[in-house]
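The values are calculated or read from the model by the stated rules, or taken from the named source; none is laboratory data. All of these numbers come straight from a predicted model, not from anything done at the bench. We place every Cβ from the backbone using ideal geometry, glycine too, and count neighbours over all the protein chains shown. Only protein heavy atoms, including side chains, enter the accessible area calculation; ligands, DNA and RNA are left aside. Shrake-Rupley method; radii C 1.70, N 1.55, O 1.52, S 1.80 Å.
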Amino acid sequence: MKHSINGRVAIVTGAGSGLGREHALFLGRRGVRVVVNDLTLNACEAVADEIKAAGGVAIPFAASVTDATATNTMVSRTLADWGRVDILVNNAGILRDKTFAKMTLDDFRQVVEVHLMGSVICTKAVWEPMREQRHGRIVMTTSSSGLFGNFGQSNYGAAKMALVGLMQTLGLEGEKYGIRVNCLAPTAATQMTANVLPDASLRVLDPARVSPALLHLVCDDAPSRAIVCAGGGHFARANVTLTQGRYLGAGEESGERVIEQWQEISDRSGEIVPTYGFMQAEREVASASAVAVEQ
């Protein structure tokens with residue numbers, strides 16, 4: 001089968017229900033050996049049993065993604081049982097939605113700890129094995145709330161956009177080791193979205209309609225540093241872009257010139273998707289140098 005991932009080994013976090021469960025089932029149907037991770041063993045075992053009942057191979061492993069020791073143990077067991085880890089789907093998450101004015105710092109920290117640091121901890125645990133085997137596919141779960149903002153989700157949005165930055169850098173660092181890192185921005189009817197979206201939308205947004213996006217992100221010819229938006233069977237790409245901008249010089253009046261030429265600075269015609277962060281600095285130096293030569 002083209003784009004086969006049969007025989008690969010995957011760890012899926014937050015896989016005891018909702019979107020993570022659908023991810024695990026999807027990969028299991030494709031012949032991937034799946035480690036089903038969630039907080040409770042009962043939830044993990046139920047999904048692992050579903051995979052096995054359908055003819056797949058799975059093991060349950062209960063652990064919090066914020067527990068580095070437990071996460072390392074999960075990866076060690078995976079390596080002991082199956083000899084490798086090919087795929088990590090960082091899906092575990094929580095919500096603590098409130099407006100920023102009403103949100104406590106603990107509410108903010110808890111969401112960042114699970115979404116961002118949980119993904120960091122799990123990725124760190126598989127990073128060296130993936131480097132050694134010179135193959136790895138890592139999927140971060142970002143969100144439109146991070147990419148574009150969403151009322152009442154400053155903590156969630158901040159954590160989800162931070163994962164885009166993590167993906168961008170790890171994609172660069174992992175390239176020579178065959179590690180490809182991408183982001184999936186899902187929209188799905190789950191426990192996390194039950195009180196956020198209207199019933200009519202929830203009926204359309206079956207989590208199973210998101211998981212097919214994983215195939216391209218974890219197969220042998222996967223891209224790297226891509227942001228895929230998926231929901232209800234619709235798939236799209238999001239990008240972080242940079243406009244052409246304008247050289248306005250320095251001096252006391254430069255602030256006023258930014259205001260005066262805001263439309264030109266914001267003009268999206270000819271915008272680019274930088275391949276690395278220093279492209280911004282390189283272009284700024286080139287722009288300033290070109291003006292200096294002309295003078």
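Seen from every direction in turn and averaged, the convex hull around the alpha carbons of the range 224-295 projects onto 7.0 nm². Measuring with a 1.4 angstrom probe and ignoring ligands and nucleic acids, Arg96 comes out at about 100 Å² accessible. Under 19 Å from a label point set 7 Å out along the Cα-to-Cβ vector of Thr275, the amide N atoms of the range 196-228 belong to 222-227. Charged side chains reduced to their Cβ positions (Lys and Arg at +1, Asp and Glu at -1) give the range 93-249 a dipole of some 280 debye around its Cα centre.
Its residue count N fixes a reference of 2.2 N^0.38 Å for the chain, and the Cα radius of gyration divided by that reference is 1.12. Within the accessible surface of the chain, defined with a 1.4 Å probe on protein heavy atoms only, the carbon and sulfur portion equals 54 percent. Between 0 and 90 degrees, the angle of helix 278-294 with respect to the longest Cα principal axis of the chain falls at about 10 degrees.
Taking label points 7 Å from Cα along the Cα-to-Cβ direction, Ser289 and Thr73 give a separation of 5.5 nm.
Note that the range 139-295 carries a Kirkwood radius of 18.3 Å, evaluated over its alpha carbons pair by pair.
Surface exposure of the chain, expressed per residue as accessible area with a 1.4 Å probe, stands at 51 Å². At most 14 other Cβ atoms within 10 Å plus a DSSP loop assignment makes a site exposed; report the longest stretch of the chain without any exposed GluC sites (Glu not before Pro). Free of exposed loop sites, the longest segment is 1-251.
Its convex hull of Cα atoms gives the range 106-211 a direction-averaged projected area, equal to a quarter of the hull surface, of 7.3 nm². Suppose we keep just the DSSP beta bridges with both residues in the chain; what percent of those would be antiparallel, to 5? Antiparallel bridges: around 20 percent, rounded to the nearest 5.
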